[in-house]
Every structure is written in structure tokens, then in C-alpha cells.
Amino acid sequence: AQEDIPELGHTAGEWIIDSNPNCTVAGSQHKECLVCGEILEISSIDATGHTPSDWIIDEAPTCAVKGSKHIECTVCGETLETSRIDALGHTPVVDQAVAPDCVNTGLTEGSHCSVCKEVFVAQEVVDALGHTVVVDNAVAPDCVNTGLEEGKHCIICIFLSK
């Protein structure tokens, strides 16, 4: 009569990947018997999760306008977070006044942003003053001094030239 020989039992192999996981979807794997090929175990492989990038600037802010930035997954490219960037604010500078003289116009004091050049207070042209003429009286000559004819000069031009 034949005697029963006990079964050998399965010999499990290494995990075989059926589908790889990605950032958001789990993968799957199984083990087979190395002798008969029967599937012995099936399990899932956890999703890997996203790998966030550093902040990426989409629109740089200006003095008066907000910008925007985002973080994305470096593996799948999905946008993970978005944020606004505060406007930088203006950097005002004073445009110095220029005094007019007899023949040249002047400017009033003004101001503008040194970064974006937006004008806050425009400089306005100040009219030239025009000459302020004074009469130089004639001086009669005498025995020891020469004389002078009557003449004219601008009192402001002489003052400014000193």
C-alpha cells in the first residue's frame, strides 16, 4: 500500500511589484511560490506622498502690486500651496527745489519713488525772475578823478555772481 508523503509546503519568493506607487496612489505587490507559482500573498505599497519644492515665484511684487508664489511637488508637478507676496512699498525721495534767477526758470520741490519712478508731488516750473535794473548815475570828472557816464546793471545778477 501506498503511504502518504507529507506535503512540502510552499516556498515563498521575494515580493514582485505589480504596480509602483506614486505621490497619491498606492501600488501593489505579491509573493508567489517558487515551486508551483501559486500566489501566496498580496499587499499594497503605500503612496509615496508629495515631495514639496521651495517657493517658486510666479509674479514678483512691485512697489504697489502684490506678487504670487507657489510650492509644487518635484515628482509629479502638482501645485501644493499658493500664496500672495506683499507689495514692497514705495521708496520716496525728495526732488530738490531749484531757485530761479534772472534768466533761468526754477523748479518747486517734488517727490517720487526711487524704485518705480512714480511721481508723488510733481515739480512745477517757476518763472525766471527777470532782471532788476538799477540806474548808475553819471559822475562828473574833477581835477584828479575820471568821471562815469550814466549806466545800468541788474542788482540780482551782480548779487548772484558773488
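With the other protein chains left in place, how much accessible area per residue, in square angstrom, belongs to the chain at a 1.4 angstrom probe?
Values: 12280 Å² over 162 residues.
In whole numbers, the chain has 76 Å² accessible per residue.
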Once each part is reduced to its C-alpha centroid, what is the distance from region 29-46 to region 130-157 in angstrom? 120 Å
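Would you work out what percent of the accessible area of the chain, with all protein chains in place, is carbon or sulfur (probe 1.4 Å)?
So the carbon and sulfur contribution to the accessible surface is 54 percent.
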Report Glu81's accessible area, 1.4 Å probe, all protein chains in place, as a number in Å² to the nearest 10. 90 Å²
Ranking by accessible area, most exposed first, for Leu129, Leu34 with a 1.4 Å probe: Leu34, Leu129
Relative to the compact-globule estimate 2.2 N^0.38 Å (N residues), the Cα gyration radius of the chain stands at a ratio of 3.03
Express in nm, to one decimal, how much length is gained between Phe159 and Ile39 on full extension, taking 0.36 nm for each residue of separation and deducting their alpha carbon distance. 32.3 nm
So if we plug the beta-carbon distance of Trp55 and Ala26 into 1/(1 + (r/R0)^6) with R0 = 35 Å, what FRET efficiency do we get, rounded to 0.05? 0.75
Provide the FRET efficiency to the nearest 0.05 for the Glu149-Val98 pair, computing r from the beta carbons and using R0 = 30 Å. 0.20
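The values are calculated or read from the model by the stated rules, or taken from the named source; none is laboratory data. Here the structure is a predicted model, which means the values were calculated and not measured. All Cβ positions, glycine included, derive from the backbone under ideal geometry; neighbour counts span all protein chains shown. For the accessible areas, the whole protein counts, side chains as well, though only heavy atoms, and no ligand, DNA or RNA atoms are used. Shrake-Rupley method; radii C 1.70, N 1.55, O 1.52, S 1.80 Å.
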